[in-house]
Amino acid sequence: MKPLDAAKLKKAAPGAALVLLAGPVFLFLAMDLLLFVVLSGGKAMRPEQVGTLASEVVFGLFAGLLASYGVRMVRRALKDEA
C-alpha cells in the first residue's frame, strides 16, 4: 500500500465523516428495532407504535444507505491505482 498523502486524505474525509455519523445511528436503530420485535412477543400494537415503527424503519434504512455510501467514498479515495 502506498503512503497516504494529504490529497488522498482530503478526498476520504467526507466519506469518513458520513461513516462516523450515520454508522452508529444505523446500528442504534437496528438494535432498537430488534429489541422492539423481541419484546413485543406477538402482542397487538397501539396505533402510535405502528407510526413510530414505520418511521424508525425509514430512518434506519436512510442511515444505513448513508453509512454504506461513506464507506464507498473512502474505499474509492484510498484505492491504489495500479
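Quick test of your reading of the structure: E56 fulfils all but one of (1) open to solvent by 100 Å² or more (accessible area, probe 1.4 Å); (2) in a helix (DSSP H, G or I); (3) not small (G, A, S). Name the failing condition by number.
(1)
Just to be sure before I move on: is R46 farther than 30 Å from K2 by Cα and open to solvent by 40 Å² or more (accessible area, probe 1.4 Å) in the structure I sent? Show your work before the answer.
On the way: farther than 30 Å from K2 by Cα: yes; open to solvent by 40 Å² or more (accessible area, probe 1.4 Å): yes.
Spelling it out, R46 is indeed farther than 30 Å from K2 by Cα and open to solvent by 40 Å² or more (accessible area, probe 1.4 Å).
Check G42 against each of (1) outside any helix (DSSP H, G or I); (2) touching a Leu at 6+ places or on another chain (Cβ under 6 Å) and name the one condition it does not meet.
Only one criterion in (1) outside any helix (DSSP H, G or I); (2) touching a Leu at 6+ places or on another chain (Cβ under 6 Å) is unmet by G42, namely (2).
Would you confirm, using the coordinates I've provided, whether A63 is part of a helix (DSSP H, G or I), in contact (Cβ under 8 Å) with a residue 12 or more places away in the chain and surrounded by fewer than 15 Cβ atoms within 10 Å (Cβ to Cβ)? Write out each step before concluding.
On the way: part of a helix (DSSP H, G or I): yes; in contact (Cβ under 8 Å) with a residue 12 or more places away in the chain: yes; surrounded by fewer than 15 Cβ atoms within 10 Å (Cβ to Cβ): no.
It is false that A63 is part of a helix (DSSP H, G or I), in contact (Cβ under 8 Å) with a residue 12 or more places away in the chain and surrounded by fewer than 15 Cβ atoms within 10 Å (Cβ to Cβ).
Let me confirm something: among L34, L29, which residue is part of a helix (DSSP H, G or I) and surrounded by 11 or more Cβ atoms within 10 Å (Cβ to Cβ)?
Numbers: L34 fails: surrounded by 11 or more Cβ atoms within 10 Å (Cβ to Cβ).
Result of the check over L34, L29: L29.
Select from the stretch 10-19 the residues that are touching a residue at least 24 places away in the same chain (Cβ under 8 Å) and of a type in the set (A, V, I, L, M) and list them in ascending order.
Listed by number, the residues that qualify are A12, A16, A17, L18, V19.
The values are calculated or read from the model by the stated rules, or taken from the named source; none is laboratory data. All values derive from a computational prediction rather than experimental measurement. Please note: Cβ atoms are built from the backbone with ideal geometry, for glycine as well, and neighbour counts cover all protein chains shown. Just the protein is used for accessible areas: all its heavy atoms, side chains included, with ligands, DNA and RNA removed. Shrake-Rupley method; radii C 1.70, N 1.55, O 1.52, S 1.80 Å.
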